[in-house]
Structure formats: C-alpha cells, structure tokens
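Okay, structure first, notes after.
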Amino acid sequence: MAIVMTWSAPQSSQPWRILPLVLLAVALGAVMAWAIRGRAADLDAGVGSLLLQPIGAGHHDGSGGASPPPPILREGAANYFGITLLAAHLTFGGLLISGAIAHRQTRAGRIGTPLAFAAISALLAGLATVPVAALSVGNAISFSNTLAAAVTVLQYSFALSLIVTILVDLRLRVPNPGR
C-alpha cells in the first residue's frame, strides 16, 4: 500500500499530488548541487598556513604523521548532500508557484500546462542557483561561473520538469479500475 500525500484546492475536482513535486524538487536540487560543485574551484584552507611554515614542513606534523586536508571543499560528498537539501527547499517553493501559475494559464487557454509548468519552474530554479551558490560555496565560485551553473540548471530543470509533468499527467489520465 503506497502512501500518497495529496492536497486539493477547494475549486478543484482532482487532488494535486505533492509527492511528485517533492521528488522533482530533490532531483532539481541535486542538479543544482552538481552544477555548482562542478564550476566551483577547490579551496584549500591550509595553503596560507603552509606558506608560513618552514621549508619541508608541508602538511606533516613534527612526529612524521600527516594531518588531513582541511574539510572546506576537497571532500564533496557532504557538500553535495547539503547543497541538495538547501536547493530542494528553494525549488519546492518554486515548483508550487509554477504549478499555481501554470494552472491559471491553462484555465485561460493560453498555453498547455506541462509546457508552462516546465518553463516557469526552470526559470525559478535557474534564478535560485545564484543565492544557493553564494550561500553554499561562497568565494569558491566566480559570478560568471555562477551564471554558467544557473544556465545549466535552467536547461536540465526544463527537461526534468517537462518529463515529470507529462508522466504525472499521463498517469492521472489512465483510468484505474481499482479505484
């Protein structure tokens, strides 16, 4: 038995499914983390302190053992997870706004729901890349690389949002005899 979280608007006859939006937000957050980390430079916090040490000291302590590198951006596993969660929160809000705007556009008959939802959610995800990059990696990414990451996020977000919207729309249109 699958648990599906639903929310239905008072004027709507079909429930709006939240679970696909949450999964899409996490996927878009992962794309955002990948794009930001791919364009960020590796920072090594120990470089400044190494310059002040005597020649030959390097990253070794006096007993001949090695000290680990500083955990700023060298190890990306924890950073990917953190950036993904931060980005998922922002993109989920953007997906809710996109859904509301796309629903309104469809009711007016101007454009199809999947295309409008994908375009608006991609635009909002691309815009959210700039503050996520500033908060997560700071000076490790230049502004031009942040914009390049935002364009990458925009492209992948459009494709993912369009695919998910079409799949969810097809799933809702297929009659289910068990219901």
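List of remarks:
- Taken over the range 133-149, the criterion of being part of a helix (DSSP H, G or I), at negative phi and not aromatic (Phe, Trp, Tyr) is satisfied by Ala133, Ala134, Leu135, Ser136, Asn139, Ala140, Ser144, Asn145, Thr146, Leu147, Ala148, Ala149.
- Looking only at residues in the range 129-149 that are of a type in the set (A, V, I, L, M, F, W, C) and free of Cβ contacts under 8 Å to residues at least 40 places away in the same chain, the one that is surrounded by the fewest Cβ atoms within 10 Å (Cβ to Cβ) is Phe143.
- Failed item in (1) at pLDDT 90 or above; (2) within 16 Å of Thr84 (Cα to Cα), with Val137 passing the rest: (1)
- Some residue of the range 58-65 being at pLDDT 80 or above and exposed (fewer than 15 other Cβ atoms within 10 Å of the Cβ): no
- Ile166 satisfies every condition listed in (1) surrounded by fewer than 18 Cβ atoms within 10 Å (Cβ to Cβ); (2) in contact with a Pro (Cβ under 9 Å, 6 or more places away or on another chain); (3) modelled with pLDDT of 90 or more except (3).
- Being among the hydroxyl-bearing types (Ser, Thr, Tyr) and under 23 Å from Ala102 (Cβ atoms) is a property that Thr146 lacks.
The values are calculated or read from the model by the stated rules, or taken from the named source; none is laboratory data. No experiment lies behind these values; they were computed from the predicted model shown. Reconstructed Cβ throughout: ideal geometry from the backbone, glycine too, with neighbour counts over all protein chains shown.
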